[in-house]
1. Can you tell me the length gained on complete extension of the stretch GLN130 to ARG10, counting 0.36 nm per residue apart and subtracting the Cα distance?
2. Once both labels are modelled 7 Å past Cα along the beta-carbon direction, what's the SER23-LYS118 spacing in nm?
3. On average, how much accessible surface per residue is there in the chain, in Å², for a 1.4 Å probe, leaving out ligands, DNA and RNA?
4. Let me know the charge dipole size of the chain about its Cα centre in debye, to the nearest 20, where only the beta-carbon of Lys, Arg (+1) and Asp, Glu (-1) is charged.
5. What shape does segment 40-93 take by its C-alpha gyration tensor, where a ≥ b ≥ c are the square roots of the eigenvalues and a/c under 1.5 counts as rounded, a/b above b/c as prolate, and the rest as oblate?
6. Mind giving me the FRET efficiency for ASP107 and SER39? R0 is 41 Å, r the Cβ-Cβ distance, nearest 0.05 is fine.
7. State the percent of C-alpha pairs, over all pairs in the chain, separated by a distance greater than 23 angstrom.
8. Relative contact order for the chain using alpha-carbon pairs under 8 Å, separation at least 6, rounded to a whole percent?
Amino acid sequence: MKVAIIDDERDMRLSISQWLSLSGYEPESFALAENALASINSNYPGVVISDIKMPGMDGIKLLKKLMGQDSHLPVILITGHGDVPMAVEAMRLGAFNFLEKPFEPEDLTQLIKLAAQKRRLTLESRELRQE
């Protein structure tokens, strides 16, 4: 399953990508939310991980746009500047989950595993309805 990683920090994108590759996922990384939006549509076969604080479009604006395209797309938000109101807002807007940096890679992998299962079921259900 694909995992889109959106973070303006190159090292963070690389470390998450390497970890996910070793865990059997297909990571795609983007430095800017705008670039990710061009590749992610309502049939995206995967999960999205996005930093919140980024230049240009931030993670909350990205989340709103993605939820507008597909409210069932699992989006995991990460931030080094987390606070409770921000996490509550992200979940209210439809985020699958919220992680504060630094986080354990295993914690992220577990979240992605759950999100990927949810995404697989959503896409299979849509496919069955179209038949």
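The values are calculated or read from the model by the stated rules, or taken from the named source; none is laboratory data. Computed from a predicted structure; not experimentally measured. No Cβ is skipped: glycine too gets one built from the backbone with ideal geometry, and neighbour counts run over all protein chains shown. All accessible areas refer to the heavy atoms of the entire protein, side chains included, with ligands and DNA or RNA removed. Shrake-Rupley method; radii C 1.70, N 1.55, O 1.52, S 1.80 Å.
1. 39.2 nm
2. The answer from the label model is 1.5 nm.
3. 53 Å²
4. Dipole about the Cα centre, nearest 20: 400 debye.
5. Prolate, because a/c is 1.5 or more and a/b exceeds b/c.
6. Values: r = 26 Å, r/R0 = 0.63.
Between ASP107 and SER39 the formula returns 0.95.
7. 25 percent
8. Dividing the mean separation by the residue count of the chain yields 23 percent.
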